[in-house]
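Here is the structure we will look at.
Each value in this text was obtained by applying a stated rule to the coordinates, not by laboratory testing. All figures in this text were calculated on a predicted structure; none of them were measured in a lab. FYI the Cβ positions are ideal-geometry reconstructions off the backbone, even for glycines, and counts take in every protein chain you see.
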Amino acid sequence: MILKFYKSDSLTGLVLLPIMALLFWLPGLLNPNTVDFSGASPLYQWLSNLGSPTFSQLLALLIIVISALILNNLINKSELFTGNTLLPALLYVIFMSAIKEHQGLSPIVISNLFWILAVRRLFNIYSQVPCKKEVFDATVFILLGGVFYFPSLLMLALVWIALKIFRPFVWREWVIPFFAFTIFGLYWIVALVWGGALNNWVNYFTFDSEQYYALKIAVSWPYYILLGVVLVLVSFSGYNISRQYKASSLRFRKIIFFFLFIIFLSIAIVSLVQQFSCENVFALVGAVPLSLLIAFYFNYAKKEWLSQLFFYIIFISILVNIYLY
């Protein structure tokens, strides 16, 4: 029943999305997690101290729902699926809620929002002539994401990847990211010097500062079930994508190629973080690519009963872990 609502873009599914998010986050809202993010960005620390822990939880939930809707909108506009769907939004909310210890306002929650906005701008360069504004905006969005979670700056590579895939070579467009970086950096440094906070930020921009070092995840049997089902669905999605790729238009192939780089960069971020720290951020960093991959399977699944079974196993295993463990 739930999956049926979200396979289309019905108003019912849209209305139910924040209710679904509240269902996953209710225990956290009633008993907010207190996580030490003293190693996180100073801007994040300022934002997290604006209100009570419950306010921070609600703000995180709002950001996740907004991010899910923006992600869903760009997927629908990309014409990746034959019709509009709400599956990417639903899956993003589910994966961002899957680990109860991560249910709170965290740097990656905010960073994901900014680089989803960047990806939306990058999709526009396919049809925009010229596209300098889109390239500049996308670069600034990714830089803003890096201000909250430093490793996400690796997503800057997406700007040049998008130009390579979607556009003929125009050297002026390729230097726009450097121009945006320079302008952003100058404004940021002036603001920090003016506010006397430069030293705090110098310590933040290092890979050896663990932002999630105090976060201990209790691994229970529902996690293993969830992990197993996700791995199966990723393999099924890869098979479906390969079949669609061979028989589809050039536009579809370019979009799929671009999405593959999003997956590769997400894996690179997780690998880099694991190399320099002990942060467990797999679910949060992987939420966007997993939402895209598994939405592809659910949208094109030929055996409806099997897709329903997989979905409810994911849904129930997360609820069991959140409410019973």
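For Leu290, Leu29, what's the fewest-to-most ordering of other Cβ within 10 Å of each Cβ? Each step should come with its number before you reach the end.
Details: Leu290 23, Leu29 14.
The order, fewest Cβ neighbours first, is Leu29, Leu290.
Through the Karplus equation 6.51 cos²θ - 1.76 cosθ + 1.60, θ set to phi - 60°, convert the phi angles of region 22-30 into ³J(HN,Hα) values in whole Hz; use x for Gly and Pro.
5, 4, 6, 9, 4, x, x, 5, 6
Normalised radius of gyration for region 44-83, please: alpha carbon Rg relative to 2.2 N^0.38 Å, two decimal places.
Working: Rg = 15.0 Å, N = 40, 2.2 N^0.38 = 8.9 Å.
Here the answer is 1.68, to two decimals.
What FRET efficiency comes out for Ser249 versus Leu29 if R0 is 45 angstrom and r is the Cβ-Cβ distance? Round to the nearest 0.05.
Values: r = 45 Å, r/R0 = 1.00.
That pair, Ser249 with Leu29, gives E of 0.50.
Give the calculated FRET efficiency between Ile165 and Leu11 to the nearest 0.05, with a Förster radius of 41 Å applied to their Cβ-Cβ distance.
On the way: r = 34 Å, r/R0 = 0.84.
Efficiency for this residue pair is about 0.75.
Could you line up Phe252, Phe24 from fewest to most neighbouring Cβ atoms inside 10 Å? Don't jump to the answer; show the numbers that get you there.
Working: Phe252 16, Phe24 22.
Ascending number of Cβ neighbours within 10 Å: Phe252, Phe24.
What is the distance in Å between the Cα centroid of region 104-143 and that of region 257-325?
That distance is 21 Å.
Let's see if you can work this out: charge +1 on each Lys and Arg Cβ, -1 on each Asp and Glu Cβ, no other charges. What is the dipole magnitude of region 65-155 about its Cα centre, in debye to the nearest 20? Walk me through the numbers before you get to the answer.
Values: 6 positive and 4 negative charges, 27 e Å.
That gives a dipole near 140 debye.
Within the set Lys77/Lys132; Lys7/Lys77; Lys100/Lys302; Lys100/Lys133, which residue pairs have Cα atoms separated by over 27 Å?
On the way: Lys77/Lys132 20 Å; Lys7/Lys77 15 Å; Lys100/Lys302 33 Å; Lys100/Lys133 39 Å.
As for pairs spanning more than 27 Å Cα to Cα, those are Lys100/Lys302; Lys100/Lys133.
Arrange the following residues from fewest to most other Cβ atoms within 10 Å of their Cβ: Trp160, Trp171. Present the calculation step by step, with values, prior to reporting the outcome.
Details: Trp160 14, Trp171 6.
Final ranking by Cβ density, sparse to dense: Trp171, Trp160.
When a/c reaches 1.5 or more, the comparison of a/b and b/c decides; with that in mind, is region 224-325 rounded, prolate or oblate per its Cα gyration tensor? It would help to have the intermediate numbers written out before the result.
Values: a/c = 2.98, a/b = 1.14, b/c = 2.61.
Because a/c hits 1.5 or more and a/b fails to exceed b/c, region 224-325 counts as oblate.
If I model a spin label as a point 7 Å beyond the Cα along the Cα-Cβ vector, how far apart are those points for Phe179 and Tyr325 in nm?
Spacing of the two 7 Å Cα→Cβ label points: 5.2 nm.
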